[in-house]
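Each value in this text was obtained by applying a stated rule to the coordinates, not by laboratory testing. Bear in mind that the values here come from a model prediction, so they are computed numbers and not experimental data. Methodologically, a virtual Cβ is constructed for each residue, glycine included, from the backbone with ideal geometry; neighbour enumeration extends over all protein chains shown.
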Amino acid sequence: MIIDTHTHTFPDRIATRALAGMEKSIVDNHGWDVKIKVAGTRDALSESTKKNGVDISVVVPVATKPEQSVSINEFAAHTNEKTKETGVFSLGAIHPDNEDYKDILDDIKKKGLKGIKVHPDYQKVEFDDPRYLRIFKYADELGLVIVTHAGEDIGFPEKIHCTPDMVLNVLNKVNPKKLVLAHMGGWNLWDEVEEKLVGKNVYFDTAFSFEKGIPHLEKEQFLRIVEKHGADKILFATDSPWSDQGYTLERLKEFGMSEEALNLILGENAKKLFEF
């Protein structure tokens with residue numbers, strides 16, 4: 001079973017405009033000509049999922065404003081009604097300023113969304129802020145998976161809102177059992193990830209970690225992290241539409257891992273974590 005644990009979709013009416021704005025932000029901040037690989041709609045993700053032999057693509061939506069959480073979660077539930085047909089499954093969203101966070105998390109659990117995604121850079125709140133800690137504590141009590149962007153965001157490089165030290169602080173204060181750190185623990189902070197987070201009670205996903213022409217995780221360091229952290233704590237992820245699902249799959253297969261380790265990373269870990 002192959003499960004891509006980190007993808008994004010946008011409503012059809014705004015996908016082109018939203019993604020073009022993100023592409024421009026990357027050029028403005030870095031000068032890197034990073035382009036989307038698929039259209040960024042639910043239909044486009046479904047097509048990519050089937051084309052590349054992926055069984056399930058997990059959408060990780062982000063609420064950039066508190067008032068967006070409810071509507072995003074309604075859309076997620078609607079998405080999941082068609083998972084068998086589309087191969088697309090969505091987690092829920094929550095914003096750190098949602099004062100009714102317990103009600104929202106209860107609703108996410110009731111809807112069967114299996115977890116939440118937070119993005120400290122887009123939400124402009126540091127990962128170990130008390131507003132996040134209360135959410136993580138209750139989400140953990142409900143058995144929900146917590147996925148977070150970690151490290152630098154390619155479109156917002158001026159401030160990093162989720163550093164390895166912040167993650168350590170969260171682990172010391174809450175220690176959620178199902179915490180996933182995107183981008184192999186912290187995009188473009190991999191030396192620090194290897195020093196401080198390897199071996200901790202967290203999962204790393206591979207989203208947007210191997211793209212050429214921009215900072216990326218080299219094969220040697222990736223394999224070293226897998227060996228030290230454990231293949232059972234690594235999740236296949238692409239960050240589609242920013243990475244091509246087929247390309248990331250091929251990269252992982254080319255790294256020379258054992259068949260057992262590769263199977264764990266490509267799907268067995270996610271199947272167990274998300275209870276698919």
When a/c reaches 1.5 or more, the comparison of a/b and b/c decides; with that in mind, is the range 1-89 rounded, prolate or oblate per its Cα gyration tensor? oblate
For the chain, whose charge dipole is built from +1 on Lys and Arg Cβ atoms and -1 on Asp and Glu Cβ atoms, the candidate among Leu19, Gly199, Phe276 with its Cα farthest towards the positive end is Phe276
Could you put Asp97, Asp33, Asp107 in order, starting from the residue whose Cβ has the fewest other Cβ atoms within 10 Å? Asp33, Asp97, Asp107
Go through (i) 46, 41, 40; (ii) 43, 38, 37; (iii) 55, 45, 37 and flag the label whose value is the computed Cα extents along the principal axes in Å for this structure. (i)
Let me check against my output: what whole-number percent is the relative contact order of the range 70-220, with C-alpha pairs under 8 Å and at least 6 apart? 17 percent
Using a simple charge model, +1 on the beta-carbon of Lys and Arg, -1 on the beta-carbon of Asp and Glu, nothing else, what dipole does the range 80-120 show about its Cα centre, in debye to the nearest 20? 320 debye
Just need the relative contact order of the chain here, percent rounded to a whole number, with Cα pairs under 8 Å and 6+ apart. 21 percent
Along the range 234-245, what does the Karplus equation 6.51 cos²θ - 1.76 cosθ + 1.60 (θ = phi - 60°) give for ³J(HN,Hα), rounded to whole Hz, x for Gly and Pro? 10, 10, 5, 7, 10, 6, 3, x, 7, 10, 7, 4
Run the simple label-point estimate for Glu85 and Asp12 please: 7 Å along Cα→C-beta, distance reported in nm. 1.3 nm
Give the separation of the Cα centroids, the range 10-78 to the range 117-147, in Å. 21 Å
The range 169-214 to the range 232-269: how many Å between their Cα centroids? 16 Å
Here, Asp33 and Asp191, labelled 7 Å along Cα→Cβ, have an inter-label distance in nm of 3.0 nm
Once both labels are modelled 7 Å past Cα along the beta-carbon direction, what's the Gln68-Ala20 spacing in nm? 1.9 nm
